[in-house]
Structures are given as C-alpha cells and as structure tokens.
Amino acid sequence: MSETPSPESGSGGPLDGIRVLDFTSFIAGSYGAMLLGDMGADVLKIESPGGDNARHWGPFIEGESRMFQAWNRNKRGIAVNLKTEQGRQVIYDLARNADVAMENFRPGVAARLGIDYDTLSRHNPGLVYASSSAFGGSGPYAQRPGYDPVLQSMAGAAHLQQLMNGVAAICPVAVSDYMAAVLTVCSINAALLHRERTGEGQYIETSLLQAIMTAQAQSYLQPLEAEITGPPGIFPYRMFAAADGPIFIAAGTDKFWKLFCEAIGRDDLADDPRYETNPQRVSNAAALSAEIDPIVARRPARELEAELVAVGVPCAAVRSAEEFFDDPQVEAMAMSQVVRHPQLGNLRMAGVPWRFSQTPGTIRRPAPRLGEHTGEVLAELGYGAERIAGLEASGAVRAADTADTH
C-alpha cells in the first residue's frame, strides 16, 4: 500500500489547470469526473443542499456511503441550490472560468435548472459540455428512466448470460455505467484538444445505451449481404469446477490449447485431429468437457492455476475483491492506495488506473463532505465573507459546517 500526496502538494497530472464543473451523480457521471480528477483536473462536485443521491446508498462507513467514497475522490465539493436565482448566479460565475461541465440528468432537466449547454456556453463559448443519460437526448426513450441493469436486460448482456449459463443474469459490475464514464472522459479529452486547436467549445452526448452496445461490439456486427457461419465461441474458455472451488480456464488459441493439454497430462487431446482448431473444439465442446471436467475436478483450484500459469495458460481461480486487493501484482501496479479522510481516517482504495511517464496522476484528496469547500470556492470567485454568509442564510448555498454529512 502507498500513501497518497496531500492536497496541498499540487496536481502535476496531464489535466493540471483544467477546471471541471461536475453536476453528476451515481456512477456514469461521478466516476467519469473522478477520472478527470485523477488526471489532475480541479473538479468541483456541485450538489444540491440535500446532496447526491448516491450518498444514501449503503453500505456506510461511519455514516458515509462507501459507494460515494469510491466514485468521488479528487474533487472539491460545493452545495448550491440551483432552484434559486442566487444559486444559479454562482454557477454562471463559475462557468466563466471553467473548461468542462458534466451532467447526467434526464434530458430536459438541466435546461429547467438553467445549467444546460446553451445557457452556460453564453457565459463561456469555449466550454466543453458533456451530457450522459440512460437512453440519450432524442428518440422514443429519451424520457425513460434507466439504470445499468435495465440496459443489460434490454441490450443483450443478460441474454448472453443465458446463452452461457442457462439463466439470464445481470453482471453485478455496472458495465454500461463504467463504460459510459470512460466514453465521457475520452470525448472530453478529445474536445479539449479540439478547443486547443480552434478555440471552440462544444456539446458532447453519450448514454448508457451507447455504452452497453459499445461494450458488446461483437454482438452488434451483422452482415447484411452474407451469412454467419461456424459455431460461436471459444473452447475451453469458461468456468470449471475444481476440487475446492471454481477456476476459469482460457485456452483461447491453438497454442494455449496444446499447452493446456500437456499440463493436465492429456497430450492425446492436443494431437487429436478432431480438436485441432478452435471451431472444431467448439463443435465438440460436450465431448471435450466430458474428458476435461473430471481432471479439473480432482485438482485444487489454486494449485491447478499455478501449474497452468507456469506453462503459460491464461487462467485464474475465483477470488473475492478483498483477496485480490492483497495480491502482489496489485501492489506492483500501485493499485492499492491509502488516503486520509478527515472523518473516517485512512481509506484504502484502488489506485489511479494508468501511468503517465511525464505527468503522473495522483489521489490528492478523498471524496468531499457535502458542502465541504463551498466557502473556499466562493472566496476564489472573489465573494467576500459577508456575501457568502448572505448566500448561506438565504439557502442559495450550503457549507460543510451546516451540511448534513451523513
């Protein structure tokens, strides 16, 4: 585990000097903004006085949502009531010197709140504005609410589970949410490059619909003037039941197949012309499973994993996230980091998920408490103490000393 730099030590990341107005909530928006923060951007998480709804999703650590903590590091937090004229004016003042704005409201909500692209770009024509929703801003489903499992169910991901395992199922990892976050970050960085070249800001849109389709690109390739031939899939490329638990074996090439057969003492299978190529192995999967399953079933999963890895076969015994957190490779890739939270003490979390040789990203601060930096950010705008106090008294903003942090 590595200790992270203090917030005062500066960013130094590739997006150092970029300011982001983060109006988002939950994963697709919040995690994307967090990644920009990991790259050094100054991300201002702008919440309502009641806070991001993700603050109320358990489990909790001393009253603070574990999920919220995971999706919102490297941000400063301010609480603004966008339904008040004074609150909106705060946003317009922030927008003048911002580089990026992000929101993931249902289409139309940002406009009603007065923080849509048309409005904010009038204050700052160079603004890069990224919007993400469940189904996109146009079409028959534009106003339809949705979470990741809804898109997994609609778009084929749950059906793939049914094809593989016999039962439709939702992947507990929020595939479309995390993919949408990555798509948003990619598009924002591209738009910032365009602005660097031309001076132009622009509006960006993506959605969970686009994300779930992107994550299953192979499922959305259909020949229009030809036929698909050959059995689908790879073999062996599935979970097997070992003596003490499951193990995934991914002998996905002819080379890996031969290495696998040699490792389990079945060279005859590698030499059998019926199983020479992957399409042949897929077509004969039932017969091959009858040969392989009993061999794997006699071996402890971790022991078999070690033997297969030693000869170069991709595989892994099933582990929990807690177990994997202590894996030496996680430590080697700096993916186990410790950051100090003012209320919760030290928090261990996944590290910055890339390495830049010249401008490395860092975890500079934990997720903010509700309204933690309201006064600080308003002071940076030139607001005096009396004006800030007046905004608090009117309910246009909320600061940490009056905000509910649970």
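Only the coordinates and a few stated rules stand behind these numbers; no lab work does. Because the structure is a prediction, the values reported are computed rather than measured. Neighbour counts run over all protein chains shown; Cβ positions are idealised from the backbone, glycine included.
At-a-glance table
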item	result
Largest-first principal axis extents of the Cα set of the range 1-102 (Å)	46, 33, 24
Computed over the chain: relative contact order in percent, which uses C-alpha pairs under 8 Å that are six or more apart	22
Pairwise centroid distance, computed over Cα atoms, of the range 73-152 with the range 175-248, Å	24
Nearest-0.05 FRET efficiency for Leu381 and Ser219, computed from C-beta distance (R0 56 Å)	0.70
Rounded D (µm²/s) - the chain, Kirkwood Rh over Cα pairs, Stokes-Einstein at 25 °C, 0.890 mPa s	102
Local net charge near Ile247, Cβ-Cβ under 15 Å (Lys/Arg +1, Asp/Glu -1)	-1
R0 of 41 Å, Cβ-Cβ distance Arg144-Phe356: FRET efficiency to nearest 0.05	0.60
Positive-end extreme of charge dipole, the range 291-406 - chosen from Gln358, Ala316, Met335 (charges on Cβ)	Gln358
Segment Ile228-Arg319, length gained on full extension (0.36 nm per residue, minus Cα span)	29.1 nm
Separation in nanometres of the label points that stand 7 Å from Cα toward Cβ, at Arg197 and His123	2.9
For the chain, share of DSSP beta bridges that run antiparallel, in % to the nearest 5	45
Net +/- balance of residues flanking Ala215 in space, Cβ distance below 15 Å, scoring K and R +1, D and E -1	-2
Backbone N within the range 288-330 under 13 Å of label point (7 Å from Arg274 Cα along the Cβ vector)	288-292
Helical contribution to [θ] at 222 nm, DSSP H n ≥ 4, -39,500 (n - 2.57), averaged over the chain, rounded to 500	-11000 deg cm²/dmol
Cβ-based net charge around Leu113, under 14 Å, with every Lys or Arg adding one and every Asp or Glu removing one	-1
